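What follows is a single structure, written as C-alpha cells, with notes after it.
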Amino acid sequence: MAVDHTRAPVLEALVEYRRTRQTSFTPPGHKQARGADPAVREILGDAVFLGDVLASGGLDDRLTRGRVLERAEKLMADAVHAEHTFFTTCGSSLSVKAAMLAVAGPHERLLIGRDAHKSVVSGLVLAGIEPVWVDPRWDAERAIAHPPSAADFAAAFDAHPDAKGALITSPTPYGACADLRAVAEVCHRRGLPLIVDEAWGAHLPFHPDLPSWAMDAGADICVTSIHKMGSGLEQGSVFHLQGDLVTPELLKTRSDLLSTTSPSVLIYAGLDGWRRQMALHGRDLVGGALELAAEVRLAIEDIDGLHVHGHGDFCGPGRADDIDPLPVVMDVSALGLSGYQAADWLREHHGVDAHLADHRRISAQITHGDDQETTGQLVAALKDLAGAAVDLPGGPQVDVPAPADLRTQQARLPRDAFFGPAEHVPIAEAAGRVAAEMITPYPPGIPAVLPGERLTEPVLRYLSTGRQAGMNLPDASAPDLDTIRVVAPAAD
C-alpha cells in the first residue's frame, strides 16, 4: 500500500479542531488560552495553548476512531524502515525503560553497556532487573569511553547464558558509534533481542554518509529522542520495533505501565511534523548539516589551543567503530582550561551554550537547524576564548581515575540498594560502602556511581574534584557532595 508522507495526521487533526470551533468542557483548564495568565500568554503566545488539547476527546474523538495517532506512528515507522513505531511524550527516559521491561523482568539478567544513561539505571531500580555490566572500550590517552564491542557482548553472554538480551548505547553523546550489526548478530545467534539506546541518532536514517542506524543494523528495539538531533519538542521520543523476539503488544503494555495518561498533543505534533520534514527533505537537510559541520571542524581546528576530535581520534582497534560528525567535540586542555570553564566563559561572554562539558572537552552539536550565522557565532566565540584563555585563572583539576579504577563491584541489585535501609555518611568515610543512590555527571548523564556498587576512593575523588572544578551532579542527594547515601551497615 502506498504511503503518503506529505500527510501529517496530528497536524491535520489540529487544523480540523480549530476549523470546527470545538467548545471543550474538558481539560486543559486554560480553555484554548482564554484562562491562561496574561503574562504567560504574552511570553509563550496563544499558539501554544491552541495546540494544547486532549489526545482523545479533543484531537480525536472519545474512542479515537479517527486513528490520528496510529496513522502518525505508521508513517513514522515507514520513514525509518521499522515495522512498528510508538510515540511518547515522556522522553527517551521512558522509552528505554519500556524497552527494558519488555525484554527482562524482576531478578532476570540483562546485558548492559556500563556507559548507559541514568534512565537505564532507573529502569533497573524500578523493575528489579539484574544488570550484567559490559565494560565500554576506554581510551586512556583521551580519557573517554566508547561503546562495547560485539566480542565484549559475546563474552558476557558466554559467562551469563541465562541473560534475556542486551542493551547498548550508540551513538554516545560524544558521537561514538558501535558496530550494531555485529552486536545484533551476537544476540540473534542466541535467539535474544537487542535494545539500542539511540537517543542521539534521530537523524541517522536520513543520509547515507552517517553511521548505520539501529533498525537497518538488525536491532529489535530502538529508542530515539527526536528533540535531540531532530526538530521535535523537548520530551518528544519514539521507540521502534521489528522482528518477532518482542511482540508489539508486549512493548505497548510495558509502555502503558509507565506513560502519562495526559500526553501532550504539542509534542505529538512536533514528532509528526518532523517525520514529514525528514521523509520529504531529510537527505538534503542532513546533507547540508554535514557540509556545515565539516566547515566548522576545519575552522575550529585552525584556532590555536583547540583540537576537534575526528575519526582518527575516536575510531580504531580498542575504540569506537564509527563516528557521527555532527557533534563537534573539542579538546580545550591546551588552553589551560577545563571544559567546564570554557563552557561557562562562552555562555557569559558570548551567549553561546555548549552542549557537553567535561574535564577537558566541550562539544557543539550541529543540526539542520544551524546555518552560517549560528556557526559563525560559534567560531568567533571560540577564537575569543582562545585569546582570553591566557589571562584566565587556572581552575581546579579533576582527578580522572585510570580505567581499572573506574569500574566498581556491583555488590547488590540496584533496586535492593536504592529501596533498602540507608544512611548518609561523610564522603571521606564512604570508600568501601555500598552506594544507595545514583550520582551522575550531567551532561552526558552517564552515572559514575550506581545503587548497589561498592564505592572506591578513586571514584569518590573523581566526583569530589569534579564538583570543585564545575561538574554538574544534579541527582546527588547532598548537593554539596559532603555526604553520600549508602546502604545501612546491617543490610550491607
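The values are calculated or read from the model by the stated rules, or taken from the named source; none is laboratory data. All values derive from a computational prediction rather than experimental measurement. A quick note on method: Cβ atoms are made from the backbone with ideal geometry, for glycine too, and the neighbour counts reach across all protein chains shown. Side chains are part of the model used for accessible areas, which takes the heavy atoms of the whole protein and leaves out ligands, DNA and RNA. Shrake-Rupley method; radii C 1.70, N 1.55, O 1.52, S 1.80 Å.
Residue-wise HN-Hα couplings along region 221-235, as the Karplus relation 6.51 cos²θ - 1.76 cosθ + 1.60 with θ = phi - 60° gives them from phi, are 10, 10, 10, 9, 8, 6, 7, 7, 9, x, 10, x, 7, 3, 6 Hz; Gly and Pro carry x. Each part reduced to its alpha carbon centroid, region 324-344 and region 1-79 end up 41 Å apart.
3J(HN,Hα) couplings calculated from phi for region 428-438 with the Karplus curve 6.51 cos²θ - 1.76 cosθ + 1.60 (θ = phi - 60°) are, in sequence order, 5, 10, 8, 4, x, 8, 9, 5, 10, 9, 10 Hz; Gly and Pro show x. Residue by residue, region 369-376 carries 3J(HN,Hα) couplings of x, 8, 8, 4, 5, 5, 6, x Hz when phi is fed to the Karplus relation 6.51 cos²θ - 1.76 cosθ + 1.60 (θ = phi - 60°); x denotes Gly or Pro.
For the chain, the Cβ-based charge dipole about the Cα centre amounts to some 1480 debye (Lys, Arg positive; Asp, Glu negative; other atoms uncharged).
Which entries in LYS31/LYS252; LYS97/LYS252; LYS74/LYS252; LYS31/LYS228 show an alpha-carbon gap greater than 21 Å? If you can, show how the numbers build up before the last one.
On the way: LYS31/LYS252 31 Å; LYS97/LYS252 12 Å; LYS74/LYS252 14 Å; LYS31/LYS228 31 Å.
As for pairs spanning more than 21 Å Cα to Cα, those are LYS31/LYS252; LYS31/LYS228.
For GLN365, the residues 5 or more places off, or on other chains, whose built amide H falls under 5 Å of its own are VAL328, HIS355. About the centre of its Cα atoms, region 1-77 shows a dipole size close to 260 debye [charges on the beta carbon of Lys, Arg (+1) and Asp, Glu (-1) only; nearest 20 debye]. When you count the other C-beta atoms within 10 angstrom of each residue and take the mean per peptide, 100-106, 476-482 line up highest first as 100-106, 476-482. In terms of overall dimensions, the C-alpha atoms belonging to region 416-469 reach 32, 23, 15 Å along their principal axes, ordered largest to smallest.
What does the charge dipole of region 34-137 about its Cα centre add up to, to the nearest 20 debye, if the Cβ of each Lys and Arg holds +1 and the Cβ of each Asp and Glu holds -1?
On the way: 12 positive and 14 negative charges, 27 e Å.
In total the dipole reaches around 120 debye.
Based on protein heavy atoms only, the chain ends up with 42 Å² per residue of surface accessible to a 1.4 Å probe. Of the heavy-atom accessible surface of the chain (probe 1.4 angstrom), what whole percent is carbon and sulfur? Carbon and sulfur: 52 percent of the exposed surface of the chain.
Peptides 453-461, 22-30: what's the order by average Cβ count within 10 Å, highest mean first?
Values: 453-461: 19.4, 22-30: 11.9.
The packing order, highest mean first, is 453-461, 22-30.
Close amide H pairs (under 5 Å, H built 1.01 Å from N) link GLY57 with ARG62, THR64, residues at least 5 positions away or on another chain.
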